[in-house]
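J.: Here it is, the structure in full.
The values are calculated or read from the model by the stated rules, or taken from the named source; none is laboratory data. Because the structure is predicted, anything quoted here is derived from the model rather than measured. Side chains included, ligands, DNA and RNA excluded: accessible areas come from the protein's heavy atoms. Shrake-Rupley method; radii C 1.70, N 1.55, O 1.52, S 1.80 Å.
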Amino acid sequence: MLTTISLVFLVVFLYVTLGFLVSVFLKRNDLADVMWGIGIALAGGTALYLAESISLEQAIIYSLVCLWAF
C-alpha cells in the first residue's frame, strides 16, 4: 500500500513540477488551473494501473473522474 501511494505521489509531483516549469517559461499562470483536473485523473489512473485487480466499481468511479477532469 505504501508503495502505491509513494508512486502516485511521485508521478503527480513530477507532473506538477513539469507543469510549473512550463507555465513559468511561457509566463502563463493560468496553466496551473487547467492542470488540477488532469492531475487528479493522473493520480487515479496511476493508482488504478498499479492495482492488482480492478473491480467494476473502480472502473466506473475512475471513468467519472476522467469525465469531470477533461
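J.: Quick one: angle between helix 31-50 and the longest Cα principal axis of the chain, in degrees between 0 and 90, rounded to 10, please.
T.: Between helix and principal axis, roughly 30 degrees.
J.: Still on this structure, I have one more. Return the single residue from Val24, Val11, Val34 with maximal mean-square fluctuation; model: Gaussian network over the chain, springs between Cα atoms under 10 Å.
T.: Val24
J.: With a 1.4 Å probe and all protein chains left in place, how much of the accessible area of the chain comes from carbon and sulfur atoms, in whole percent?
T.: Solvent-exposed carbon and sulfur of the chain make up 75 percent of the total.
J.: I've got another one for you. Determine the per residue accessible area of the stretch 31-70 with all protein chains present and a 1.4 angstrom probe, expressed in square angstrom.
T.: 74
J.: Express the relative contact order of the chain as a whole percentage, based on alpha carbon pairs under 8 Å and six or more residues apart in sequence.
T.: Reported relative contact order: 36 percent.
J.: Could I ask something else about it? May I ask for the angle, rounded to the nearest 10°, between helix 56-69 and the longest principal axis of the chain, with both axes built from Cα atoms and the value confined to 0 to 90°?
T.: It works out to around 10 degrees.
J.: Could you tell me the extents of the chain's C-alpha atoms along the three principal axes, largest first, rounded to whole Å?
T.: In descending order, the Cα extents are 42, 26, 11 Å.
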